[in-house]
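Right, one structure below, let's go through it.
The values are calculated or read from the model by the stated rules, or taken from the named source; none is laboratory data. What you see is a predicted model, and the numbers here were worked out from it, not measured in a lab. Here Cβ is always computed from backbone atoms with ideal geometry, including for glycine, and neighbour counts include all displayed protein chains. The accessibility values were calculated without ligands, DNA or RNA, using every heavy atom of the protein model including side chains. Shrake-Rupley method; radii C 1.70, N 1.55, O 1.52, S 1.80 Å.
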Amino acid sequence: MTQIAFIGLGHMGYPMAKNLLNAGYHITGYDIVPAALEAFVKEGGVASKNIASTVQNADIVITMLPEGKHVKSAYEGSQGILSHVRPNTLIAECSTIDIETSSLIHREAEQKGIRLIDAPVSGGVAAAKAGSISFMVGGQKEDLDALRPYLEIMGKTIIYCGKAGLGQAAKICNNLVLGISMIGVCEAFNLAEKLGLDARIFYDVASQSSAQCWSITQYCPVPGLVPSSPANREYEAGFTSAMMLKDLKLAVNAAQETSSALPLGAEAMALYTLFCGNGGQSVDFSGIIRFLQGIKE
Ligand code: NAD
């Protein structure tokens, strides 16, 4: 039986691991937060005490961590993943991180004969629970092919983007659009209300017209319109505003590196910086509608 190690059992990692457990796989998990590990054990997972013991017998390792610095510390050093996995282990690094850290981990894995893909995901917590997230993958195509049966349990769409790091490039560009579109949708709903237009009627129009986008139809920032929206649960994350700010910073940094114009991306980053600085850090990123309405967190 394939042995899977899962590191990072947060908003996304926990439901992803749960889908693998439900498919009958044996999974050893690790998270620095004890409550996250307890929830995983309740679903049938085996808790581990540290990264080394989590990965030492694994055929497959999946990591789902917040930022590049967490990924770097989990992979490198004498206690890190790359020092304790067996050669030929397959690794899917699914966090959304900077291309530089992703490329570094790729190089270090390759030097040790370890097969790694960057496979960041899209779709949010609801899609992670439903097993319908999208994976965007960078690395060797044959490594993706070997990991595909496991990714297919957690997701619906798997797109090969090219060489190492290009999965992250796709994810950074995707979330650049998401951050900008969420702010645009919030502005439109606020203006509609000020103009006396009922939110439900504007939803019916926008969701079937040229404004249609994921931020409206799957994640509407106004309560009562889309059942899966965090707006219906006081903007409980979901995808925190701190995470969205992180992703917009990744886009702005990547744009600077490549001399790409990013005026709306920079503006979206400035707005999420203000929102996070005013208490919005742990609020779902769609909660920026309240900031634009002048409501204090
Ligand atoms: P999260 O903060 O809920 O989960 C991350 C988990 O990693 C936490 O439980 C944390 O305790 C754990 N962790 C941190 N350092 C660790 C370490 N060294 N060893 C073991 N565990 C460690 O974050 P999330 O929302 O699940 O997001 C994870 C990644 O997925 C991020 O890069 C995010 O940008 C991306 N993502 C999130 C969503 C979403 O909707 N939440 C959607 C797509 C992509």
Please give the number of the condition M136 fails out of (1) over 19 Å from L21 (Cα atoms); (2) within 13 Å of the ligand (Cβ to nearest atom); (3) not in a strand (DSSP E or B).
(3)
Search the stretch 233-245 for residues that are touching a residue at least 60 places away in the same chain (Cβ under 8 Å) and pair each with any residue that is more than 12 Å from the ligand (Cβ to nearest atom) and part of a loop (DSSP other than H, G, I, E, B) when their beta-carbon atoms are under 9 Å apart and the residues are at least 6 apart or on different chains.
G238/S229
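Considering only strands (runs of 3 or more DSSP E) fully contained in the stretch 46-130, which possess at least 3 residues that are within 30 Å of T258 (Cβ to Cβ)? Before you say what the answer is, go through the steps one by one.
On the way: elements: 60-63, 90-93, 115-118.
It comes to 90-93, 115-118.
Select from the stretch 29-45 the residues that are more than 8 Å from the ligand (Cβ to nearest atom) and assigned to a loop (DSSP other than H, G, I, E, B) and write down the one among them that is surrounded by the fewest Cβ atoms within 10 Å (Cβ to Cβ). Full working, then the answer.
We begin by selecting, within the stretch 29-45, every residue more than 8 Å from the ligand (Cβ to nearest atom); these are 29, 34-35, 37-45.
Checking which are assigned to a loop (DSSP other than H, G, I, E, B) leaves us with 43-45.
On the way: E43: 17, G44: 14, G45: 24.
Selected residue: G44.
Here are G80, G113, G44: which of them is within 30 Å of Y235 (Cα to Cα) and of a type in the set (G, A, S)?
That would be G44, the only listed residue that is within 30 Å of Y235 (Cα to Cα) and of a type in the set (G, A, S).
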Top-ranked residue in the stretch 55-78 [being more than 10 Å from the ligand (Cβ to nearest atom) and more than 24 Å from Y160 (Cβ to Cβ); ranked as surrounded by the most Cβ atoms within 10 Å (Cβ to Cβ)]
V55
Check E234, E257, E267, E193 and return the single one that is open to solvent by 20 Å² or more (accessible area, probe 1.4 Å) and at positive phi.
E234
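On the basis of being open to solvent by 30 Å² or more (accessible area, probe 1.4 Å), in contact with a strand residue (DSSP E or B) (Cβ under 9 Å, 6 or more places away or on another chain) and closer than 24 Å to H106 by Cβ, does Y25 make the cut? If you could, list the steps in order and put the result at the bottom.
Values: open to solvent by 30 Å² or more (accessible area, probe 1.4 Å): yes; in contact with a strand residue (DSSP E or B) (Cβ under 9 Å, 6 or more places away or on another chain): yes; closer than 24 Å to H106 by Cβ: no.
Considered against the rule, which asks whether it is open to solvent by 30 Å² or more (accessible area, probe 1.4 Å), in contact with a strand residue (DSSP E or B) (Cβ under 9 Å, 6 or more places away or on another chain) and closer than 24 Å to H106 by Cβ, Y25 comes out as no.
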The condition from (1) part of a helix (DSSP H, G or I); (2) hydrophobic (A, V, I, L, M, F, W, C); (3) open to solvent by less than 50 Å² (accessible area, probe 1.4 Å); (4) in contact with a helix residue (DSSP H, G or I) (Cβ under 8 Å, 6 or more places away or on another chain) that L147 misses is numbered (4)
Restricting the stretch 14-28 to residues that are small (G, A, S) and away from the ligand (no atom under 14 Å from the Cβ), the one nearest to the chain's Cα centre (by Cα) turns out to be A23
Residue under evaluation L225, criteria (1) in contact with a Gly (Cβ under 8 Å, 6 or more places away or on another chain); (2) surrounded by 18 or more Cβ atoms within 10 Å (Cβ to Cβ), criterion not met:
(1)
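Quick one: which helices (runs of 4 or more DSSP H) lie wholly within the stretch 158-245 and hold at least 1 residues that are within 16 Å of the ligand (Cβ to nearest atom)? Lay out the reasoning, then the answer.
Numbers: elements: 166-194, 199-206, 214-217.
Correct list: 166-194, 214-217.
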In the stretch 97-113, what residues are open to solvent by less than 10 Å² (accessible area, probe 1.4 Å) and β-branched (V, I, T)?
I97, I105
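Do you know which residues across the stretch 215-269 are among the hydroxyl-bearing types (S, T, Y) and under 15 Å from M182 (Cα atoms)? Give the steps one after another, and end with the answer.
Filtering the stretch 215-269 down to residues among the hydroxyl-bearing types (S, T, Y) leaves 215, 217, 219, 228-229, 235, 240-241, 258-260.
Scanning the stretch 215-269 gives S215, T217, Y219, S229, Y235, T240, S241.
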